[in-house]
Amino acid sequence: MLTKSLKILNDHYQALTNEGQDIIQGLTRTPKSIPPKYFYDDRGSELFEQICELSEYYPTRTEAWILQQYADEIAQITGACELVELGSGSSTKTLFLLDAYQKITNYCRYIPIDVSRGILQSSVLKLQQKYPNFFIEGLIGTYEQALAKLKSTFAASRMIFFLGSSLGNFNPQECDNFLKKISQTLQPGDYFLLGIDLQKSKEILEPAYNDSQGITAAFNLNMLSHLNWRFQGNFDLSLFTHQAIYNQTDTQIEMYLHCQKSHQVSLAALNLQVSFAQGESILTEISRKFDLAMMQEQLKMHRLKTLKTWTDPQRWFGLILCQAEIDV
């Protein structure tokens, strides 16, 4: 039953012909960069789950608190609907939503989407056992693949949700393109639930991405291990160190790998040789921090009308429930 509950979204030929082009582009430009999607092999997903448990890393527990408090209200507003989660991971926070929908309907269709087969398979198995009356089908792929291949729903409506402030990993243009795609995917009257990390002081933000146990550093360095495996590379992880800084001008965390010694790296599967100078850095992630009112205006530009917002008492994190505008 489990194998039937997992589908791979990417076309095999397309994946073979296009895979790694973003790596070539990122490592041959100045400054160098690697797309954050390469964090998430199975080991990377495991490390991120550990990050979410760290005392310094407030986003997960803060968003979880908001969901625990208000999931019932969200379910009451939307009514029974199909649930589609982008970047589901272990679906831990999603349990609050699934419990809330279980209170109002005997049947619910939940579609978790993630690039990591291992963590998706594990979470789908657990969810099938916990919610035997729900239809749960995991989709293995990227956000773009998922939104392009979502089929029409038989439910009265659909809610796509995007938690964890993953939207912050997109630069402003990518963010706008993503919201445009969400708007195009939803039918009038459908819902979009968005979790965003709100702006706050550097003293809170930087420790969240430079934890004392070094798990975030291991997560960042694991990206190079992933590239070694996927593209027959020879990155030496001992030649790089992790650092995250808060760019106050752009209100975003920037995560880097700093090269400690001049050397060359080969990625044989991509026929790529890359030279690194001592002190040179690779940007591996941005995590933008948002203003709640400004985000609502941006959503409105994409015909996504805010129905309600929720925050924690410290206003560190926000949830926005939107509805695709109905033409009249």
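Laid out as a table, the results:
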| item | result |
| --- | --- |
| Options Gln314, Gln298: the member that is assigned by TED's automatic domain parsing to the domain that holds Ser157, under 22 Å from the mean Cα position of the chain (by Cα) and not hydroxyl-bearing (Ser, Thr, Tyr) | Gln298 |
| Subset tally (residues that are surrounded by fewer than 17 Cβ atoms within 10 Å (Cβ to Cβ) and either in a strand (DSSP E or B) or aromatic (Phe, Trp, Tyr) (or both)) for region 241-271 | 8 |
| Lys261 of a type in the set (D, E, K, R) and within 30 Å of Gly189 (Cα to Cα) | no |
| Residue that is surrounded by the fewest Cβ atoms within 10 Å (Cβ to Cβ) [pool: residues in region 123-157 that are within 16 Å of Leu179 (Cα to Cα) and not hydrophobic (A, V, I, L, M, F, W, C)] | Glu144 |
| Where Gly118 falls short, out of the listed (1) modelled with pLDDT of 95 or more; (2) closer than 27 Å to Ser287 by Cα; (3) more than 15 Å from the chain's Cα centre (by Cα); (4) not β-branched (Val, Ile, Thr) | (1) |
| Number of positions in region 226-246 that are free of Cβ contacts under 8 Å to residues at least 24 places away in the same chain, out of contact with any Leu (no Cβ under 7 Å at 6 or more places or on another chain) and not small (Gly, Ala, Ser) | 1 |
| Test: residue in region 242-260 that is within 19 Å of the chain's Cα centre (by Cα), closer than 15 Å to Leu27 by Cβ and in the same structural domain as Pro31 (by TED's automatic domain parsing) | yes |
| Test for Lys181: is it part of a helix (DSSP H, G or I) and in contact (Cβ under 8 Å) with a residue 24 or more places away in the chain | yes |
| Which numbered condition Glu174 misses (of (1) touching a residue at least 60 places away in the same chain (Cβ under 8 Å); (2) farther than 18 Å from Phe48 by Cα) | (1) |
| Filter pass, Ile204 being among the β-branched types (Val, Ile, Thr), over 20 Å from Cys81 (Cβ atoms) and out of contact with any His (no Cβ under 7 Å at 6 or more places or on another chain) | yes |
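So that you can scan it fast, the table gives a plain yes or no per residue for (1) surrounded by 17 or more Cβ atoms within 10 Å (Cβ to Cβ); (2) under 25 Å from Phe219 (Cβ atoms):
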| site | (1), (2) |
| --- | --- |
| Ser55 | no, yes |
| Gly87 | yes, yes |
| Thr94 | yes, yes |
| Ile104 | no, no |
| Pro112 | yes, yes |
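The values are calculated or read from the model by the stated rules, or taken from the named source; none is laboratory data. Only a predicted model underlies this, so the values are computations on that prediction, with no experimental measurement involved. Glycine gets a Cβ as well: all are built from the backbone with ideal geometry, and neighbour counts include every protein chain shown.
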